[in-house]
Amino acid sequence: MLTKEKIREILSKRIEEINSLSIPHFSLLSDINKASKRIKLAIDSGEKIVIIGDYDVDGVSSSAIISEFLNFCGADFEVVIPDRFEDGYGLTPGLLERIKADLIITVDNGITSFDAAEICKKKGIDLIITDHHTPLIDKEGIRLPNALAIVNPKTSPDFPFKEICGAEVAWYLCAALKHEMKLQIDLREYLDILAIAIIADVMPLTHMNRTLVNMGLKRLNKAIKPFSRAIKRYFNKELGAEDIAFQIAPRLNAAGRVAHAKVAFEFLTSKDDEEAFRLFLELDGLNNLRKEIEKEIIQCIEVEEDDGFIVVKGEYHEGVVGIIASRLVHKYKKPAIVFSQKEGILKGSGRSLGNIDIFSLVEECEEMLEGFGGHKMACGLSIKEENFEKFKEALNKKVLQYKDEDFFIEDFVIGELPFSEIDLELLDIIKSFEPYGEANPKPKFIATAEVKHIQNLKDNHYKLILHQNGFYLPAVIFRYDGEFGEVITFKFSVNENNYYQREVQLIIEEIL
C-alpha cells in the first residue's frame, strides 16, 4: 500500500529540473549565428522576409513569436501559414509560386523541403530552415536540404537537449538575433506562447522544457496580453499544463484542422482584448465542429484485427486524420496511419505507441512515398492511391520485428492507494510536482471501494460517492457506458475540485 511519503519519493525521482540560468545557450545550435547575421542584413537593408509556418499549435506559436520579434525589429516581413488543404505541409514548390521574398525563414518545418530548397537556390532566395523534426537518413547519412542555414537541435551535435519544439527553436533564433543586433528586449515576454507550444507538441516536461513551461504558465496566468486575458476570461481559473493540453491546445489546433490556422495566429498576436475574445470564441466553435467530424469518421472506420499496423483510407476530412489515428492507437494498442483520399493521392497522418518507431518504419518504404516528415511517435505522409495495399502490406511485415512488449501504452499506475491517504495534503504533494505531461505523467493509482451513490451528469458522465473503510470520497467518470457494481476496482488520479470549496475529487480512468 502506498503512503504520502512514498508517493513523494517516487515522483521526486522523475524530475530533472534546471534553473533558468542553466538553459542551453543559443550558440550551441548549429548555423544559428550564420542565420542571425543574414537576418540582420535583411532587416538593415530593407529586404523582404517571408516566414513560413505550420498549421498546428507549435507552428502557429513559432510564427507568432518570430512575428512579434520582427515587428519589434522594424523588419519588412510577411507571415505565411500554409493551408492544410490547398498547400499541404511546410515549404513546398507550390507555395513558392506565390511568394516574393529576398529571404525565407521556415519555423517548425523545412527539414525535408528538398525540392523547395533547390527552387529557392535557382531563384536567388536565401533560405533559413528552423525546425525540430527528425532529418531523413539514407545510406550516405543525414540528408539535409540545400539551405543557407539549418537550425535544428537534431542536427546540432553540441546542443545537449534534443527534444525541443519548433517554437523553442524560433525563440532561440530571436535570442541570437537580439545578440547580433544588440537589442534591448526581454525574451521572457514570449514564454506564455512558448509554454503552450511545448505542451501542445507533447515535448518531454523535463530539463529545460520543464523550466520554460513553469515560467510560461506563471506569465500566462498573469494575463499580460490580450490572448491570455481572453483565455482567463473564458475559463476563469488558474491555468495549468493539463488545461493547456486538453482545453486550449485543441481549440488552437482546430483552426488548422477544419478552417485555416490564421485564426489561431491572429488570436495569439491580437492587440485588442475584445478582438482576442471574439477569436477565441471562433476557435471554440471550430473545435466543436472538429469533434462532430471526428465522431462521424470513427463510427465508420473498420479495422482488420489481424493487422499489427493499422493502415486505413477513406474520404475522410483531412484535418482530423491525425486525431483519428491517435484514437485507433489507444483503442487497438497498435500504431496507426489514417489516409484521406483525394484525386488519386492519399494524405495521411500516423501515430505510434510504446517502443514502435513509426518514423523509421515509414522511412523504410521511401520508394512509395510522395512526401514524408515527422519523428518517432508521429508522422505525416502522402502516397499514390495505387500504392496503398503495397504500403499497408509492407508496414505490416516490417512491424513484425518488434516484440509484444514493445506495443504498450504506459498507464503510469504507481500502486494501490488507500482512501485513508487521500486528502488535501496528498493533493498538495501531487501538485508540487507539476507540470505533468510527457516524461512526467500525472500519477495514477488503483483502489477498491463500495459505490454508495450514482449521479448521471450528462452524456454518460457520472459522479459517484465511494466508500472504503470508513472514508467517503467523490469521484467522476467520463464517457462510461457500462454498469456499476456494488463494489468496484478502478484506476484513478487525484484531482482538485474548487466548485464550492477546495476538496479532493477522484477522476476514474478505468473500471477494472
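Nothing in this text is a laboratory measurement; each read-out follows from the coordinates by a stated rule. What you are looking at is a predicted structure, and each value in this text was computed from that prediction instead of being measured. Here Cβ is always computed from backbone atoms with ideal geometry, including for glycine, and neighbour counts include all displayed protein chains.
The Cα atoms of the range 410-511 give a gyration tensor whose axes a ≥ b ≥ c have a/c under 1.5, which makes the shape rounded. R0 = 30 Å: FRET efficiency of Lys100 with Gln247, Cβ-based, nearest 0.05? In this case the efficiency is close to 0.15.
Here the label points at Val487 and Lys6, each 7 Å from Cα along the C-beta direction, are separated by 2.1 nm in the simple model. Computing FRET efficiency as 1/(1 + (r/R0)^6) for Lys237 and Asn469, where r is the C-beta to C-beta distance and R0 is 30 Å, gives about 0.35.
Among Met1, Met208, Met181, which comes first, then next, by fewest other beta-carbon atoms within 10 Å?
Working: Met1 9, Met208 21, Met181 14.
The most exposed by this proxy come first: Met1, Met181, Met208.
Taking Rg/Rh (Cα atoms, Kirkwood Rh) as calculated from this structure, the corresponding entry among (i) 0.97; (ii) 0.93; (iii) 1.04 is (i).
Tilt of helix 166-181 relative to the longest C-alpha principal axis of the chain, in degrees (0 to 90, nearest 10)? Rounded to the nearest ten degrees, it is 50.
Compared with the dominant principal axis of the Cα atoms in the chain, helix 249-258 is inclined by about 60°. In a fully extended conformation the segment linking Arg14 and Cys300 would gain 98.9 nm over its present Cα-Cα distance, using 0.36 nm per residue.
Please work out how much length the chain gains when fully extended from Asp158 to Asn146, using 0.36 nm per residue of separation minus the C-alpha to C-alpha distance, in nm with one decimal. It would help to have the intermediate numbers written out before the result.
Details: separation 12, 0.36 × 12 = 4.32 nm, distance 2.15 nm.
Residue separation times 0.36 nm, minus the Cα-Cα distance, leaves 2.2 nm.
Between Gln341 and Glu78, what is the FRET efficiency for a Förster distance of 45 Å, r being their Cβ-Cβ separation, to the nearest 0.05? Between Gln341 and Glu78 the formula returns 0.85. Would any residue of the range 126-162 have its amide N under 19 Å from a label point 7 Å out along Cα→Cβ of Leu187? List them or say none. From the range 126-162, the list is 128-133, 149-162. Converting phi to 3J(HN,Hα) with the Karplus coefficients 6.51, -1.76 and 1.60 and the offset θ = phi - 60°, the range 278-288 yields 4, 5, 5, 5, 5, 4, 4, x, 5, 5, 5 Hz in sequence order, with x at every glycine or proline.
Here's the picture: a label point sits 7 Å out from the Cα of Glu292 along the beta-carbon direction, and within the range 215-234 nothing has its amide nitrogen under 17 Å of it.
Can you put Glu140, Glu189, Glu266, Glu86 in order, fewest other beta carbons within 10 Å first? Don't jump to the answer; show the numbers that get you there.
Numbers: Glu140 6, Glu189 15, Glu266 18, Glu86 9.
In increasing order of surrounding Cβ atoms, one gets Glu140, Glu86, Glu189, Glu266.
Between Lys122 and Asp284, the modelled label-to-label distance comes to 4.9 nm, taking each label 7 Å out from Cα in the direction of the beta carbon. Within the chain, DSSP assigns beta bridges of which about 65% are antiparallel (rounded to the nearest 5).
Between Tyr499 and Ile511, the modelled label-to-label distance comes to 1.9 nm, taking each label 7 Å out from Cα in the direction of the beta carbon.
Label point of Phe412 set 7 angstrom out along Cα-Cβ; within the range 3-42, amide nitrogens under 15 Å from it belong to 8, 10-16.
Of the trypsin sites (Lys or Arg not before Pro) in the range 72-131, which ones lie in a loop per DSSP and count no more than 13 other C-beta atoms within 10 Å? Sites meeting the loop and neighbour criteria: Arg98, Lys100. Amide H to amide H, with H built 1.01 Å from N, Glu510 comes under 5 Å of Lys491, counting only residues 5 or more places away or on other chains.
Electrostatic tally near Lys48: other residues with Cβ closer than 10 Å to its Cβ, Lys and Arg +1, Asp and Glu -1, net -3. Neighbour counts of C-beta atoms inside 10 Å place Leu283, Leu400, Leu369 in the sequence Leu400, Leu369, Leu283, starting with the fewest.
Tally Lys and Arg at +1 and Asp and Glu at -1 over the other residues with C-beta under 10 Å from the C-beta of Lys342: what net charge comes out? Kindly include the intermediate steps, with their values, before the conclusion.
On the way: positive: Lys347; negative: Glu315, Glu318, Glu343, Glu385.
Overall, the nearby charge balance is -3.
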